[in-house]
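**Q** Below is the structure I would like to discuss, written out as structure tokens.
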Amino acid sequence: MNALAHKRILLGVTGGVAAYKSAELVRRLREHEAEVRVVMTRSASLFIGPQTLEALSGERVYCELFDPASPSAMPHIDLARWCDAVLIAPASAHLLAKLAHGLADDLLSTLCLAATAPIVVAPAMNREMWLAPSTQVNRAILLERGVRFLGPGEGEQACGETGPGRMLEVPEVLEGLAAVFEPALLSGVRVLVTAGPTREAIDPVRFLGNRSSGKMGYALAEAMREMGASVLLISGPVHLPAPRGVERVMVESAADMAAAVTSRVVDCEIFVATAAVADYRCRAPAGHKIRRTGELLTLELEPTPDILATVAARPAAPFTVGFAAETEGIDGGLADLAGRKLVAKGIDMIVANHVGEPGQGFESDDNELLVSWHAGERLLPRAPKTRLARQLVPIIAERFRAKGQAQGPGPTSRA
Ligand SMILES: Cc1cc2nc3c(=O)[nH]c(=O)nc-3n(C[C@H](O)[C@H](O)[C@H](O)COP(=O)(O)O)c2cc1C
């Protein structure tokens with residue numbers, strides 16, 4: 001399905017090095033049969049020539065609010081009424097600040113004030129500019145008002161620094177934009193997602209942990225929310241902000257996570273366990289800091305509760321999706337391991353990923369997923385986790401419906 005076909009997209013381009021990506025964006029939008037009109041800020045036209053975007057869009061490019069040569073006396077109103085969505089890519093820090101505060105001193109910011117269509121932004125800037133308190137406050141204001149953010153991603157930047165602030169690549173921007181027009185696959189469905197690592201105390205200052213960053217679970221929670229679900233996220237300790245519109249409960253240990261899941265799972269129709277929950281914990285954590293003695297120290301470990309299997313074994317279990325992080329690759333037995341886990345835990349779907357590979361899995365932005373259920377499997381090739389999440393949700397939604405649980409028993413019958 002091509003959600004962008006025949007959609008009228010107003011592409012706003014602002015002044016940053018990533019403006020070169022807007023040329024590719026226009027080409028790809030037209031390949032998806034979207035109609036595109038481009039509005040550039042003055043700064044943007046110093047980074048990429050309007051002629052390039054004019055040639056690629058097949059339309060005149062709009063730069064000025066007061067333009068005697070414009071066919072329209074009020075281009076800001078006409079363009080705002082014309083479009084089905086405003087996509088600003090790249091979106092500068094300056095543009096985000098103007099949008100957040102309702103400034104209207106050029107064509108792009110003025111038409112955004114006049115637009116009733118959804119506004120989608122793909123920020124691009126130096127990491128310090130992105131992390132600056134004023135930019136973060138502007139982001140929060142815009143999110144609150146329903147502006148959709150695509151990225152930014154993390155990585156090497158034009159200024160030579162590394163960190164958050166890179167504009168997403170064109171395919172990801174297109175997918176994020178298409179999501180605006182896609183039907184809400186999980187409209188009204190109640191979902192519980194677990195994410196992140198757990199910490200098992202050794203003493204009051206030390207713990208056993210793992211390398212999970214929580215990025216996959218947070219991306220899934222966000223994608224499910226975007227697709228209409230009501231999402232509760234139970235998260236181990238991570239440094240990620242709660243996705244917009246998602247209720248979040250923070251926990252620390254496997255026991256805390258098990259308790260939080262047990263008390264809330266009764267309300268959910270889909271349970272997605274992405275958290276890397278410790279399999280073992282210290283049997284008797286020390287009540288005081290353990291001192292160095294030079295002697296061998298043995299920690300006695302005991303198994304933690306198996307949250308996934310416990311949920312799957314409930315009398316009116318939700319549609320249950322487990323994640324398996326394995327060190328075996330796709331060709332090295334990952335499918336077998338995933339299949340065995342699917343059966344052993346009695347769950348509906350398992351999503352296996354290969355960790356320990358440079359650049360994917362734990363602590364990384366990318367992943368490769370093998371999705372297996374009782375009657376089939378799909379490989380989602382290596383891609384950013386945000387993109388994989390958007391690919392995974394329709395598969396979960398389809399299997400959930402196939403299992404006939406869309407109209408499943410309500411919360412009261414799940415005691
Ligand atoms: C070489 C250069 C690169 C820049 N790159 C960015 C950028 O990536 N992101 C950003 O927010 N601002 C960047 N700026 C600053 C903006 O161009 C500047 O804030 C400008 O006022 C933005 O105007 P606009 O939002 O109207 O396009 C850059 C400036 C220069 C000189």
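Values in this text are rule-based calculations from the coordinates and carry no lab data. Predicted model, so just to flag it, every value in this text is computed and none were measured. Don't worry about glycine lacking a Cβ; one is built from the backbone with ideal geometry, like all the others, and counts go over all protein chains shown.
**Q** Which order results if Thr293, Thr262 are arranged by neighbouring Cβ count within 10 Å, fewest first? List each step's numbers first, then the result.
**A** Working: Thr293 7, Thr262 14.
Ranked by crowding around the Cβ, least crowded first: Thr293, Thr262.
**Q** Something else about it: Take peptides 170-183, 220-233 and line them up by average Cβ neighbours within 10 Å, highest first, as a rough protection proxy. Spell out each step's value before the answer.
**A** Working: 170-183: 18.9, 220-233: 24.4.
Descending mean neighbour count gives 220-233, 170-183.
**Q** I need to check one value: relative contact order of the chain, counting alpha carbon pairs closer than 8 Å and at least 6 residues apart, in percent. Each step should come with its number before you reach the end.
**A** Details: 849 pairs, mean separation 44.2, N = 415.
Computed value for the chain: 11 percent relative contact order.
**Q** Turning to a different aspect of this structure: Of the cross-linked pairs Lys215/Lys341; Lys21/Lys98; Lys21/Lys215; Lys7/Lys403, which ones have a Cα-Cα span greater than 29 Å in the structure shown? Numbers along the way, then the final one.
**A** Working: Lys215/Lys341 23 Å; Lys21/Lys98 22 Å; Lys21/Lys215 25 Å; Lys7/Lys403 34 Å.
Listed pairs above 29 Å: Lys7/Lys403.
**Q** Where does helix 385-402 land angle-wise versus the long Cα axis of the chain, in degrees 0 to 90, nearest 10?
**A** Roughly 70 degrees between the two axes.
**Q** If we restrict to alpha carbons, what Rg and Dmax does the chain come to, in Å?
**A** When restricted to the Cα atoms of the chain, Rg and Dmax are 23.9, 84 Å.
**Q** Apply the Kirkwood formula to the range 8-181: the hydrodynamic radius equals the inverse of the mean of 1/r over all pairs of different alpha-carbon atoms; give it in Å with one decimal. Spell out each step's value before the answer.
**A** Details: mean 1/r = 0.0631 Å⁻¹.
15.9 Å is the Kirkwood radius here.
**Q** Helix 254-264 versus the longest principal axis of the chain: what angle, 0 to 90°, nearest 10, using Cα atoms?
**A** Approximately 70 degrees, to the nearest ten.
**Q** Per the Kirkwood formula on distinct C-alpha pairs, the Rh of the range 201-308 is how many angstrom?
**A** Evaluated on the range 201-308, it is 15.6 Å.
**Q** With a 10 Å radius around each residue's Cβ, average the other Cβ atoms per peptide and rank 39-45, 193-199, highest first. All intermediate terms of the calculation are to be shown ahead of the outcome.
**A** Working: 39-45: 21.6, 193-199: 26.9.
Output ranking for 39-45, 193-199: 193-199, 39-45.
**Q** Restricting to bridges with both residues inside the range 8-181, how much of the DSSP beta-bridge set is antiparallel, in percent to the nearest 5? Before the final figure, lay out the partial values.
**A** Numbers: 4 of 21 bridges.
Close to 20 percent.
**Q** Helix 21-31 versus the longest principal axis of the chain: what is the Cα-based angle in degrees, 0 to 90, to the nearest 10?
**A** So the inclination is approximately 90 degrees.
**Q** Separate question: Going out from 0 in 10 Å bins, what whole percent of all Cα-Cα distances in the range 190-414 drops into each bin?
**A** 8, 33, 37, 16, 5, 1, 0
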